[in-house]
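What follows is a short report on a single structure.
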Amino acid sequence: MLNRLLSRVSSFTGKYAGFLIFGTVFLCLFLAWQYQTGIRVGDGAIKEQQLADLLRNGLPDFSCRYAGKEIDPEFRFLPLDLKKGSTMTHVYKGKCYYIFPFYYTAIQYPFAVFMGRFGSFFLSLIFGILTLRALFQISELLGLSEKSKFFFLILLLLGSAFSLFSTDLSETILAIYGVTQGIYFLLKEDKSSKSTDLIFAGGFFGFAAFFRQETILLAASISLVYAFRIFRNPKTALFPFTFGTLLIIQAVINYSVVGHPLGSRGYLQESSSYELVSQIYYLWQLVFLGNGSLGLFGAYPALAFIILWRPKSDSLTRILYGLGIFILLSGLLTSTKFWQGVLFGPRFLITILPFLLLFLFSILEKNWEKLSKPFRIAAILLISYSIIGGVVFDRLYYKFTKSVVTEQSELSDHTSKIVIYRKGSVFLPSNSFREEREVYEIDSSESFDALLEKLYTIGKTQVTVVGFKDSYPREVLVPKSEIFEFKNRTFYQSPSINMETLEFSKLTK
């Protein structure tokens, strides 16, 4: 009976419509489970703020809105500024910008206008479905059976971060789609010999590069392999040419907006020092594990079965060689300031993960009859391990976002209109509160006095100081002042944050 049910389901998902319907229904249910008023923290919260600022500023002004711009034109109290050692904002020509690509903000814009906060998540869902479509196209080129397609779909949806990125506020799924669709055209070109396939491949990789910079390394790695074919087949140059054209266009736009060809992310890359030993360890993290995160083979050990693959003189071999170079370059060239993981699987290799998992099933299917029983059992157990790990992570992320909603409610209920974060404690930007706040960040007692002085001159005398309770217990949360006295102090502790609202006035001499 179980075999009959499996046969029916795999027969359904083995067809184009069934594959998409199954994946789409799952992603919709996953979104309904994970979506909790859209409130996010960290990167997601900043991306929400970036979009909110664009909606307020209007196209094409992608700068961030800083409540203290008039009293603090030097942006001394701008939260998460690069010059203070943080990684979220920077200043250019009298304006502040977030380090995330403004192209992602721009593509969200129409969805946010018509659908509000949910629009950003709906955008991710659309590109998740488009990626499923591209993966089915590749599965057809690889000749996967119906059962292999079904089990791949289960591993992708349950055992990887794909479902999360397809239903969360992240530009990553746009890059995943661009890379996956680009790989499809590279594979297709080998059989059709059409120049347009190479152009489309370069175009989709170029599209992905607008949203994730690691795809620049990916396209460069694949282009390096393809370069050896240019003399035998000059049309091969169409792939790097098309991609390079889009990359130049992006660089010109980036420079005109934020003054750097790599965009705001380029400033963050420049702020990092290069140490070969650190980069080698970083490569180890990407591939295996480190800093509390599992890398590519740490999360997907079944990929070891790729050793059964035998290289040929075809586009698949060229792509796989390119992916190998990309993984090496990602570890050696990517800034170690970025945490590489998503707890289960490598964040900076997620763009190639769906294709690698699909290729894994292709290898297993072609060699299944040749494998001994112990190796078959090992393959099943390793794939099951990845599925269990993915489910556990999704559950942890659900609990995390639920706790964020609780913290957001507590912060909204117990803070005044002006919030001053202690350094390292910025939890939610101004738009994430129930009612928008003025948000500042201080890094010392001196900067606290300097900020209060500026607020005092414009008649604002009530603030809430916020800090993570592990770093800023109640007795040190509010810095001591030699200029101001504090009264009507109200302290409140949420699950992870301490906050104290107070009124201040100048000490009389």
Item checked: Efficiency of FRET between Thr406 and Ser444 - r from beta-carbon atoms, R0 25 angstrom, step 0.05 -> 0.25
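Kindly rank 475-483, 132-140 from highest to lowest mean number of other beta carbons found within 10 Å of each residue. The partial results should precede the final answer.
On the way: 475-483: 14.0, 132-140: 21.6.
Averaged packing, sorted descending, gives the order 132-140, 475-483.
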Notebook entry, point to check: What is the gain in length, in nm to one decimal, between Ile126 and Leu141 on full extension, counting 0.36 nm per residue of separation less the C-alpha to C-alpha distance?
Noted result: 3.1 nm
Next item on the list: Find out how many positive minus negative residues lie around Phe62, taking Lys and Arg as positive, Asp and Glu as negative, among other residues whose Cβ is under 10 Å from that of Phe62.
Entry: -1
Next item on the list: List every residue whose amide H lies under 5 Å from the amide H of Ile497, counting only residues 5 or more places away in sequence or on a different chain, with H placed 1.01 Å from N in the peptide plane.
Entry: Lys469
Check: Can you list residues whose amide H is under 5 Å from Leu144's amide H, if they're 5+ apart or on another chain and H is modeled 1.01 Å from N?
Finding: none
Next item on the list: Using label points projected 7 Å from each Cα along Cα→Cβ, tell me how many nm separate Tyr274 and Leu507, to one decimal.
Entry: 5.1 nm
Next item on the list: With a 1.4 Å probe and every protein chain left in place, tell me how much accessible area Leu20 has, in Å² to the nearest 10.
Entry: 30 Å²
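With a ≥ b ≥ c the root eigenvalues of the C-alpha gyration tensor of the stretch 9-112, is it rounded (a/c under 1.5), prolate (a/b larger than b/c) or oblate? Before the final figure, lay out the partial values.
Working: a/c = 3.29, a/b = 2.78, b/c = 1.18.
Prolate is the answer for the stretch 9-112, as a/c is 1.5 or above and a/b outweighs b/c.
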Check: In nm, what is the difference between 0.36 nm times the number of residues separating Val476 and Asn367 and their Cα-Cα distance?
Finding: 32.9 nm
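Based only on the alpha carbon positions, what is the Kirkwood hydrodynamic radius of the stretch 280-389, in angstrom?
On the way: mean 1/r = 0.0678 Å⁻¹.
When all Cα pairs of the stretch 280-389 are included, the Kirkwood radius is 14.7 Å.
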Checklist line | Net charge contributed by nearby residues that have their C-beta within less than 14 Å of Gly23 (K/R +1, D/E -1) | finding: +3
Check: Under 18 Å from the 7 Å Cα→Cβ point of Lys337, by amide nitrogen: which residues of the stretch 9-44?
Finding: 42-44
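Classify the stretch 356-442 from the C-alpha gyration tensor, please: rounded if a/c falls under 1.5, else prolate or oblate depending on whether a/b exceeds b/c. Write out the running numbers ahead of the final one.
Working: a/c = 4.99, a/b = 3.99, b/c = 1.25.
Taking the square roots of the gyration eigenvalues as a ≥ b ≥ c, the stretch 356-442 is prolate.
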Checklist line | Contact order relative to length of the chain, as percent, for alpha carbon pairs under 8 angstrom and 6 or more apart | finding: 16 percent
Next item on the list: Provide the per residue accessible area, probe 1.4 Å, for the chain, rounded to a whole number of square angstrom.
Entry: 44 Å²
Item checked: Dipole magnitude of the chain, debye to nearest 20 (Cβ charges: Lys/Arg +1, Asp/Glu -1, about Cα centre) -> 1440 debye
Next item on the list: Take Val392, Val466 and sort them by solvent-accessible surface of the protein heavy atoms, 1.4 Å probe, largest at the top.
Entry: Val392, Val466
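If you count the DSSP beta bridges with both ends in the chain, what percent of them are antiparallel, to the nearest 5? Mind dumping the intermediate values first?
Numbers: 23 of 33 bridges.
Roughly 70 percent of the beta bridges in the chain run antiparallel, per DSSP.
Take the solvent-accessible surface of the protein heavy atoms, probe 1.4 Å, and return the percent of it on the chain that carbon and sulfur atoms account for. Show your work: numbers first, answer last.
Numbers: 14120 of 22240 Å².
Here carbon and sulfur together make up 63 percent of the probe-accessible area.
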Next item on the list: Find the relative contact order for the stretch 407-506 and round it to a whole percent, using C-alpha pairs within less than 8 Å whose residues are 6+ positions apart.
Entry: 30 percent
Next item on the list: Towards the positive end of the charge dipole of the stretch 102-259, with charges on Cβ (+1 Lys, Arg; -1 Asp, Glu), say which of Phe228, Val258, Ser163 has the farthest Cα.
Entry: Phe228
Notebook entry, point to check: With point charges of +1 on the Cβ of Lys and Arg and -1 on the Cβ of Asp and Glu, referenced to the Cα centre of the chain, which listed residue (Phe486, Thr172, Gly38) lies farthest in the positive direction of the dipole?
Noted result: Thr172
Check: Based on the alpha-carbon gyration tensor of the chain and its eigenvalue square roots a ≥ b ≥ c, which shape applies: rounded if a/c is under 1.5, prolate if not and a/b is larger than b/c, or oblate?
Finding: prolate
Item checked: the stretch 419-509 - Debye-derived log10 I(q)/I(0), Cα point model, q = 0.10, 0.12, 0.18 Å⁻¹ -> -0.23, -0.34, -0.78
Notebook entry, point to check: How do Asp413, Asp314 rank by accessible surface area computed with a 1.4 Å probe, from largest to smallest?
Noted result: Asp413, Asp314
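Ignoring ligands, DNA and RNA, how do Met88, Met115 rank by accessible area with a 1.4 Å probe, largest first?
Details: Met88 20, Met115 75 Å².
I get Met115, Met88, largest accessible area first.
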Check: If r is the Cβ-Cβ distance from Asp413 to Leu55 and R0 is 30 Å, what FRET efficiency results, to the nearest 0.05?
Finding: 0.75
Note to self: Not counting ligands, DNA or RNA, and with a 1.4 Å probe, what is Ser412's accessible surface area in Å² rounded to the nearest 10?
What the structure shows: 10 Å²
Next item on the list: Only helices at least 20 Å long along their axis, Cα-based, and averaging -1.0 or more on Kyte-Doolittle count here, so list those DSSP H runs from the chain.
Entry: 16-34, 43-57, 118-142, 172-192, 195-209, 238-258, 315-333, 353-367, 373-414
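Calculate, for Leu356 and Lys69, the FRET efficiency according to 1/(1 + (r/R0)^6) with r their C-beta to C-beta distance and R0 56 Å; round to the nearest 0.05. Don't jump to the answer; show the numbers that get you there.
Values: r = 46 Å, r/R0 = 0.82.
E between Leu356 and Lys69, to the nearest 0.05, is 0.75.
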Check: Whole-Hz Karplus ³J(HN,Hα) for the stretch 91-100, in order, using 6.51 cos²θ - 1.76 cosθ + 1.60 and θ = phi - 60°, x for Gly and Pro?
Finding: 10, 8, 6, x, 10, 9, 9, 8, 7, 7
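The values are calculated or read from the model by the stated rules, or taken from the named source; none is laboratory data. Predicted, not measured: the structure shown is a model, and the values here were computed from it. All Cβ positions, glycine included, derive from the backbone under ideal geometry; neighbour counts span all protein chains shown. We work out accessible area using only protein heavy atoms, side chains counted, and drop any ligands, DNA or RNA first. Shrake-Rupley method; radii C 1.70, N 1.55, O 1.52, S 1.80 Å.
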